[in-house]
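One structure below.
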Amino acid sequence: MAIVKKKKVAAAAKATPESTKKAVKRPVSEGEQTPKKKKKVAAKKVQNGDTPAKKKVKKAKVVEEEPIEEVEKLQLMDDDDEEGLNELNFTQHDGSDDDLRDDYSDDDGKCHSHSRINGFCFDLDDDDLPIEKKSAALDKKKEKIMKEGEEELQLNIANQATFELPTVEEIENEMKSVPNLEIIKQRIADVIQVLGDFRNRRDPAKSRTQYVEVLKKDLCSQYGYNDYLMGKFMDLFPNGAELLEFLEANDNPRPVTIRANSLKVKRRDLAKNLINRGMNVDPAADWTKVGLVVYDSQVPVGATPEYLAGHYMIQGLNSLLPVMALAPQPGDRVLDMCSAPGGKTSHIAALMKNSGTLFANDASFDRCRAIIGNLHRLGVNNAVVCNLGGEEFAKIRPNGFDRILLDAPCSGTGVIWKDQSVKTSKDSQDVQRRHTVQRQLILSALDSLDANSPNGGYLVYSTCSVLVEENEAVVNFLLERRHCELVPTGLSIGVDGYTRFRDYRFHPSLSMTKRYYPHVHNIDGFYVAKIKKLSNAKMSKQAVLEKEKEKATQKSQKKKQAAEDNDSDDSGEEEEVTTNGQANGKSEKKKKQKKGADADESDDDVETAPMKNIGSGARANKKRRNQKKAAAKQAAVQEDDGFNTVGNIKRAKKPTQFKSKVPKRAAARTGAKSIKNRRKKVLAKQQ
Ligand SMILES: C[S@@+](CC[C@H](N)C(=O)[O-])C[C@H]1O[C@@H](n2cnc3c(N)ncnc32)[C@H](O)[C@@H]1O
């Protein structure tokens, strides 16, 4: 303790002349504390779980040991040292100082239990032991703090009850200047609280939609998302607290994890070697035998001799899941349809023990180089790397594989921490493009599977997206189009996939699929579904068309019904418009819906109305058919929000694989020329 004091004296010596002057002028101020500061210190002690009695005994001892001169020196300390004084519990007062009541005095402010030397008070007399008195005083103080805390809480609750919701326009204006994140954060918490107990906490003049709109705007500016994606996440996590957890998790990195390459090394041996290199590693989770988590490392994880020798692959734990679900067997014919850079491919090869045949495909030629590099490094020698659009496999290798992994290209909404640009770059068009390609790929993948494979016929579909449009809706689309069924993934972690989402309903078996979230599982957001192909025969077009028709009629009936309801409600609503702003919004919405329904019906009309000015005959019929098809396709694409699983799919532009060096017209011309030349030659010979 003496050392501590000396330091403080030294600090006093260092103090600026001004502060020293101040201290000399007002020596009493050394021991003075604002009541707040005192409370803080006391609260700190309570929090730390210090036994106050013990501490005080120590301090009293120190006081007795210290020479008075030393104590006087302390008067020269500057303000910064107040806390140090506090810790040592020296108090200088005349026994009536208000500030001191909290600590050692009774309610009258007089210090009864202390003797005073030079104005400093010490615990010496009275019947009770000083330690008991101090303990009692502390209890009292604690009680007071608790009381104040309770009062503050009540005040907060009262404040929350009167929380005023700004309008969306006000928020937009606020955002034009530099947004105050503290205010926004508080408002987010307030709105979430109101939404959690809407009936009691709402402002009666404001609707839930208004609260939700304000929340969305604030979340967008707090976390940096665009409106579209935030809307999607709000649909996904209607619970405000969970939404915040998810958004926070998206701003924080996941743990660094690696997969031991069982083709070359055992996990135990790899861990030993890496620890010797200065890496702090541990088994990553109880559900994987090959994953290791790297807590910290003195060497770059991607440049150790073990890495270069192919003993491990740097992979997120989520990457292990689809391969585990696929469970490839030695000797299988396996296709990894979208495999670059080859992390999952090399895991598949390891499970196949480098036997059988593994096709590692990717549409990007550049990314195929990465597959080749990784497969070489990891010692994979049962793989054929190919560079095709996945859509081609149904044609070039129908019913040709025992197992297929389709780790589809996606929006990446599960790995936002890796690429923050996703927050603003994803819009409805982008997501629509994604799920369109995903549907094409999943159909092609299923058609490439052999349903009669003795131990296979399995397709695993996975994405690193959390959006339902790219996951359950795509799998549901497949179930409606092909003879196949969902089977359990065999994965012990993950939450069940959606069978219903907002107004949409999926096949009940979709609960067998698995979802992963960063805030729940501390791995990247991910989705895994395992599908068994039941028959190699394609579902007849007739059956698919009938299903489509059925759904379409149901849909149009619903719309008509909604339109009729609107008609009958119209007059009543107009009255409401004048009296109730909330209802106003509602009727607007209904009108919009009606408009939409009308537009859709007119679309239907386009489809069904007889085509004019085309004429008759076979050609005209064909033209008519094509027009109908084009109109239907356009309508389906326009409407397609990702859940319209029976609609036509917009074909993505096919990647051009081989380009003929001679243009078509030139080729035709050359053909004609050579025929002419040959004819000339023949004629010449004849002559
Ligand atoms: C999610 S990544 C695959 C990651 C890989 N499975 C792994 O674990 O290392 C999606 C890949 O699909 C590829 N891709 C995109 N469209 C494709 C298509 N039509 N056919 C095949 N591959 C495609 C992309 O080039 C990208 O490499």
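Among the residues examined, Ser319 does not qualify as within 16 Å of the ligand (Cβ to nearest atom) and assigned by TED's automatic domain parsing to the domain that holds Val495.
Just a yes or no: is a residue in the range 194-214 aromatic (Phe, Trp, Tyr), surrounded by 16 or more Cβ atoms within 10 Å (Cβ to Cβ) and part of a helix (DSSP H, G or I)?
The answer is yes; a qualifying residue exists.
Could you tell me whether Asn276 is touching a Phe, Trp or Tyr at 6+ places or on another chain (Cβ under 7 Å) and loosely packed, with under 12 Cβ neighbours inside 10 Å? Here the answer is no, as Asn276 does not meet what is asked. Filtering the range 533-564 down to residues that are of a type in the set (A, V, I, L, M) and part of a helix (DSSP H, G or I), which residue is nearest to Leu405 (Cα to Cα)? Only one residue tops the list, namely Val544. Restricting attention to the range 437-489, the residues that are under 19 Å from Leu229 (Cβ atoms), assigned to a loop (DSSP other than H, G, I, E, B) and away from the ligand (no atom under 12 Å from the Cβ) total 3. For beta carbons closer than 9 Å, sequence separation of 6+ or different chains, a first residue in the range 300-318 that is within 10 Å of Arg377 (Cα to Cα) and touching a residue at least 60 places away in the same chain (Cβ under 8 Å) and a second that is part of a helix (DSSP H, G or I) and polar (S, T, N, Q), the qualifying pairs are Gly310/Ser346; Gly310/Asn374; Met313/Ser319; Met313/Ser346; Met313/Asn374. For beta carbons closer than 7 Å, sequence separation of 6+ or different chains, a first residue in the range 527-540 that is more than 18 Å from Gly456 (Cα to Cα) and a second that is polar (S, T, N, Q) and in a strand (DSSP E or B), the qualifying pairs are Tyr527/Ser462; Tyr527/Thr463.
Of all residue pairs spaced 6 or more apart or on separate chains, none has beta-carbon atoms under 9 Å together with a first member in the range 610-639 that is assigned by TED's automatic domain parsing to the domain that holds Arg439 and a second member that is at pLDDT 85 or above and not acidic (Asp, Glu). Among residues of the range 480-500 being without any contact (Cβ under 8 Å) to a residue 40 or more places away in the chain and touching a helix residue (DSSP H, G or I) at 6+ places or on another chain (Cβ under 8 Å), the one that is farthest from Leu446 (Cα to Cα) is Val495. Here no helices (runs of 4 or more DSSP H) wholly within the range 325-423 include at least 2 residues being buried (at least 21 other Cβ atoms within 10 Å of the Cβ) and away from the ligand (no atom under 14 Å from the Cβ). Selection of the range 319-331 for residues being under 13 Å from Leu459 (Cβ atoms) and either in contact with a strand residue (DSSP E or B) (Cβ under 6 Å, 6 or more places away or on another chain) or of a type in the set (Ser, Thr, Tyr) (or both) yields Pro322, Ala325, Leu326, Pro328. Exactly one residue out of Asp496, Asp447, Asp427 is within 15 Å of Leu405 (Cα to Cα) and either among the acidic types (Asp, Glu) or not assigned by TED's automatic domain parsing to the domain that holds Ala363 (or both), and it is Asp447.
The values are calculated or read from the model by the stated rules, or taken from the named source; none is laboratory data. What you see is a predicted model, and the numbers here were worked out from it, not measured in a lab. Note that we place each Cβ from the backbone using ideal geometry, even for glycine, and neighbour counts take in every protein chain shown.
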